[in-house]
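The values are calculated or read from the model by the stated rules, or taken from the named source; none is laboratory data. Just so you know, these numbers come straight off a predicted model, no measurement behind them. Positions of Cβ are backbone-derived with ideal geometry, glycine not excepted, and every protein chain shown enters the neighbour counts. Each accessible area value is taken on the protein alone, full model and side chains, heavy atoms only, with ligands, DNA and RNA left out. Shrake-Rupley method; radii C 1.70, N 1.55, O 1.52, S 1.80 Å.
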Amino acid sequence: MNNNNKHLSQCHHNHGDMDHSKHEHVSTEKHGDHKNHHQEHHAEHDHSGHSGHDHCGHHGGHEHHHHGNFKELFLKSLPLGIIIMLLSPMAGFDLPFQFTFPYSDIVVAILSTILIIYGGRPFYQGAVDEFKQKEPGMMALVSLGISVSYLYSIYAVIITYVTGGHVMDFFFEFASLLLIMLLGHWIEMKAIGEAGDAQAALAKLVPKDAHVVLEDDSIEIRPVADLQVGDLIRVQAGENVPADGTIERGESRVNEALLTGESKAVKKGPGDEVIGGSTNGEGVLYIKVNETGDQSFISQVQTLISQAQSQPSRAENIAQKVAGWLFYIAVIVAIIAFVVWMIIGDIPTAVIFTITTLVIACPHALGLAIPLVTARSTSLGASRGLLVKDRQALEIAQDADVIILDKTGTLTTGEFKVLDVKLLNDKYTKEEIIALLAGIEGGSSHPIAQSIIRFAEQQDIRPASFDSIDVISGSGVEGKAGGHRYQLISQKAYGRNLDMDIPKGATLSVLVENDDAIGAVALGDELKPTSKGLIKALKKNNIQPIMATGDNEKAAQGAAEVLGIEYRSNQSPQDKYELVKTLKDEGKKVIMVGDGVNDAPSLALADVGIAVGAGTQVALDSADVILTQSDPGDIESFIELAHKTTRKMKQNLFWGAGYNFIAIPLAAGILAPIGITLSPALGGILMSVSTVIVAINAMLLSLDPKNKG
């Protein structure tokens, strides 16, 4: 098992009874080592609200993002920058709002020195980090741009006073570039901070203190951090549950919407599990603590969110490569521009084109193109109950060919339900038939019997009173009521055709009186309301759905026919594993959807494994994506999120890199002979516009409103 799985399974040592030995060899087969290198960071990850701020900074020399608070740096640098821009002509042109006075250029030089030391610090620190990793990128470029413009301007002031002749300076360009870069970083941090707030929001759900019930029934208020497994805690109406646990006493409705996405409050009583962070409704609950701290559901979710946000994806690696190319292209083009303009012009002209090239080449927008989309996508998924553990799953899912779906509990409710009751004799009313059905099943605890009794209760029909009830081996039950003998037997045992429509995949039981059928009840595992919508959406996205179920042929065929999909029945976990393997060997990209415990081997082997099931029962180490509520509609949301996230990444790469490839030659003066040039200030403005477009584009990522049913 790879390090990542080890780390997560520590949180789950008592959840899920899967045989790890079965899938250990497949777990590493898919995930390789690309998940491992973040574990040291996550082992001591700070889940505070600000933790998202350096998520884009773990790859390829981007650690600079933690250097300084950019909001504070920008706001404090702004007055200095404005004064410099008011006192210094832009590219040698005096603008209407600018003014000068004797020695104003010395004042500007002093203010610029303060500004580069204060405002430039994070860029230089970032550049040092990049060069240490031998991956110069955007921070190296920004540092180069501000250094060249600042140093040349200081040189210009000195020469002016030494020789008495005027040499043009670039203080205006220097100040505007620095301010724009600080502003761009502030916008980036704000956006990443907002996108990463899913963790902080989860942390807020857990109360600070818990009411612990002591042995003498007195109450002690104790910090949640000090709770021990086995403690009994009291949760009053309206309070949030402090830790994961099992209800010992009391009944209430518990709202888990913020954790599982399920909007309606769930009725809970003794023996039921509750998740820390959920809200208690009207009753008082006494809960025995099962999990605390790192083992709790919320803590695991936070770890998953931070892991997903900090993992590199293929798109981010591409962005990193592009940033590297841009650095070298910019430096080479700047040198060529300097040499060419030296030959055909003069030093000031050569310098201005060199500076402009370096300013415009800064791939700042490119650097934040992918991390912003990722952060937004992760928090958007979490708000829908989609926990994307492995970010590559989003990129792989949109190219998927086949999706294998478990039936029971995934596409169906997993509970037997009365689908129809038919009257086959005019002597009885439908109500009387239901009463007889409920009466004859009264002594049985079989799920089918229980569903018939529940159905009668829902219709407010009192079960008929039977004098005696006996089991008929292998075919049903019989009993006496009101002097009549009744039998409730299978259709096969009845042995004659019934003139009635049977719902697809339903099990039929026939109520017989004196060898004549008087009624029939159709029972089945009902499809979830969103299952049909899911199949439709998958087909629309050219993903072939296959249902693989442990159920018998008849039950599987019924559900598959209603949904209009291929199926495999009587499938063991090993069969499902072989099915995934066969499809992958055919070169197909496979998504596997299962309950995360018995489907662990196939979830781990599939290109994307989606575990369906609420909360702590999920086997976290085998799936890439976890649906915290068992709603097929969430698989549809995941596919939608995969397509939209990948599309946004491509758009942002286009805005971040495409702009640079056009702007760099323009900045170097390739069109200067026909009078088209780009000044450093205009270059800086255009660059910041591309940064803002990338940030806004990422934040516009959204999912369609959820359609229940």
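So, in segment 503-518, exactly how many residues are open to solvent by 70 Å² or more (accessible area, probe 1.4 Å) and either within 20 Å of residue 451 (Cβ to Cβ) or polar (S, T, N, Q) (or both)?
To start, the set of residues in segment 503-518 that are open to solvent by 70 Å² or more (accessible area, probe 1.4 Å) comprises 504, 514-516.
Of the ones still in play, those that are also either within 20 Å of residue 451 (Cβ to Cβ) or polar (S, T, N, Q) (or both) are 504, 514.
Adding up the residues that qualify gives 2.
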Q | Residues being at pLDDT below 90 and among the aromatic types (Phe, Trp, Tyr) - total across segment 563-618 | A | 1
(Q) Anything in segment 527-558 that is open to solvent by less than 40 Å² (accessible area, probe 1.4 Å) and either modelled with pLDDT of 85 or more or among the aromatic types (Phe, Trp, Tyr) (or both)? List them, or say none. (A) 530, 531, 533, 534, 535, 537, 538, 543, 545, 546, 547, 548
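Only one of 287, 344 is at pLDDT 85 or above, of a type outside the set (D, E, K, R), over 27 Å from residue 134 (Cβ atoms) and open to solvent by less than 60 Å² (accessible area, probe 1.4 Å); which?
Values: 344 fails: open to solvent by less than 60 Å² (accessible area, probe 1.4 Å).
Within the list 287, 344, the selection yields 287.
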Q. In segment 662-677, how many residues are of a type outside the set (A, V, I, L, M) and either in a loop (DSSP other than H, G, I, E, B) or surrounded by 18 or more Cβ atoms within 10 Å (Cβ to Cβ) (or both)?
A. 3
Q. Name the residues in segment 252-280 that are at pLDDT 90 or above and open to solvent by 60 Å² or more (accessible area, probe 1.4 Å), would you?
A. 270
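Of all residues in segment 106-118, count the ones that are within 21 Å of residue 89 (Cβ to Cβ) and in contact with a Leu (Cβ under 8 Å, 6 or more places away or on another chain). Quick ask: steps written out before the conclusion?
Filtering segment 106-118 for residues within 21 Å of residue 89 (Cβ to Cβ) gives 106-116.
If we keep only those that are in contact with a Leu (Cβ under 8 Å, 6 or more places away or on another chain) too, we end up with 107-108, 111, 114-116.
Total meeting the criteria: 6.
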Q.
Just checking, does segment 124-135 include any residue being open to solvent by 60 Å² or more (accessible area, probe 1.4 Å), closer than 30 Å to residue 328 by Cα, of a type in the set (Asp, Glu) and at pLDDT 75 or above?
A. yes
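Could you list, in sequence order, the residues of segment 114-137 that are among the β-branched types (Val, Ile, Thr) and free of Cβ contacts under 8 Å to residues at least 24 places away in the same chain? It would help to see each step written out before you state the result.
Kept after step one, since they are among the β-branched types (Val, Ile, Thr), are these residues of segment 114-137: 114, 116-117, 128.
Selection gives 117, 128.
Would you call residue 499 of a type outside the set (Lys, Arg), open to solvent by 80 Å² or more (accessible area, probe 1.4 Å) and without any contact (Cβ under 8 Å) to a residue 24 or more places away in the chain? Walk me through it before giving the result.
Numbers: of a type outside the set (Lys, Arg): yes; open to solvent by 80 Å² or more (accessible area, probe 1.4 Å): yes; without any contact (Cβ under 8 Å) to a residue 24 or more places away in the chain: yes.
Taking the combined requirement at face value, the residue satisfies it.
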(Q) I'd like to check something: does segment 234-249 contain any residue that is hydroxyl-bearing (Ser, Thr, Tyr) and modelled with pLDDT of 90 or more? (A) yes
Q. Tell me, which helices (runs of 4 or more DSSP H) lie completely within segment 389-478 with 1 or more residues that are open to solvent by 60 Å² or more (accessible area, probe 1.4 Å)?
A. 430-440, 447-458
